[in-house]
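Quick notes on the structure that follows.
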Amino acid sequence: QVQLVESGGGVVQPGGSLRLSCAGSGIPLSFYDMGWYRQAPGKQRELVARITSVGSMNYADSVKSRFIISRDNAKKTVYLQMTSLKPEDTAVYYCNANLQIDDYWGQGTQVTVSS
């Protein structure tokens, strides 16, 4: 059974930091492109950051220079380090694993940026 389990969300003040983790099981994570997506209330799910199986990364313009995606294949875990958080970063953050037609999602973790 494939599972992606996100953790690390919470409530943080503007300007603060959080690190999200996504632990995978049931798939050879190292072969998968991994992504973090987010969905705010009333909005469509959007790509935040993505890291390919060979380590190439790309980011949404809104998070460039503030967020860093990384992966530890030995731990089967993908991370999203978020700094200088803004209220508009508030959303449910989802982990995604993709390899051709295989596409898996985690259950999401809430990030709330508020003073």
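In nm, what is the difference between 0.36 nm times the number of residues separating GLN3 and LYS75 and their Cα-Cα distance?
24.5 nm
Using a 1.4 angstrom probe with every protein chain in place, what is the largest-first accessible-area order of LEU47, LEU85?
In descending accessible area the options line up as LEU47, LEU85.
Could you look at the chain and say what percent of its accessible area is carbon and sulfur, using a 1.4 Å probe and all protein chains?
49 percent
So which residue, out of ILE101, ILE51, ILE68, gets the largest mean-square fluctuation from a GNM of the chain using Cα contacts under 10 Å as springs?
The residue with the greatest mean-square fluctuation here is ILE101.
Which whole-Hz ³J(HN,Hα) couplings does region 109-115 yield from phi under the Karplus relation 6.51 cos²θ - 1.76 cosθ + 1.60, θ = phi - 60°, glycine and proline marked x?
In residue order, the calculated couplings are 9, 7, 10, 10, 10, 7, 8 Hz.
With the dipole of region 42-89 worked out from charges on the C-beta (+1 for Lys and Arg, -1 for Asp and Glu) around the Cα centre, which of VAL54, GLN81, SER65 lies farthest toward the positive end?
Positive-end residue among those listed: VAL54.
Students sometimes get this wrong: rank MET82, MET57 by accessible area, probe 1.4 Å, all chains present, largest first.
I get MET57, MET82, largest accessible area first.
Obtain the nm distance between the two label points defined at LEU99 and SER25 by a simple spin-label model: each point lies 7 Å from its Cα along the Cα-to-C-beta direction.
About 1.8 nm, to one decimal.
Probe of 1.4 angstrom, ligands and nucleic acids ignored: what's the accessible area per residue over the chain, in square angstrom?
Dividing the accessible area of the chain by its residue count gives 53 Å².
Provide, for the chain, the number of lysine pairs with alpha carbons under 25 Å apart, each pair being eight or more places apart or on different chains.
Total qualifying Lys-Lys pairs in the chain comes to 4.
Roll a 1.4 Å probe over the protein heavy atoms and report the accessible area of VAL12 in Å², nearest 10.
Accessible surface of VAL12 is approximately 20 Å².
With a 10 Å cut-off between alpha carbons and a GNM built on the chain, which of GLY26, GLY42, GLY16 moves the most?
Maximum fluctuation in the GNM of the chain, among the listed residues, is at GLY42.
With a 1.4 Å probe and every protein chain left in place, tell me how much accessible area ARG45 has, in Å² to the nearest 10.
Estimated to the nearest 10 Å², ARG45 gives 100 Å².
Using a Gaussian network model on the chain with a 10 Å cutoff between Cα atoms, which of LEU99, LEU18, LEU29 fluctuates the most?
Residue with maximal mean-square fluctuation among LEU99, LEU18, LEU29: LEU99.
The values are calculated or read from the model by the stated rules, or taken from the named source; none is laboratory data. A quick note: this is a predicted structure, and the numbers were derived from the prediction, not measured. Quick reminder, even Gly has a Cβ in these numbers, built from the backbone with ideal geometry, and neighbours come from all protein chains shown. These area figures cover heavy atoms from the full protein model, side chains too; ligands, DNA and RNA do not enter into them. Shrake-Rupley method; radii C 1.70, N 1.55, O 1.52, S 1.80 Å.
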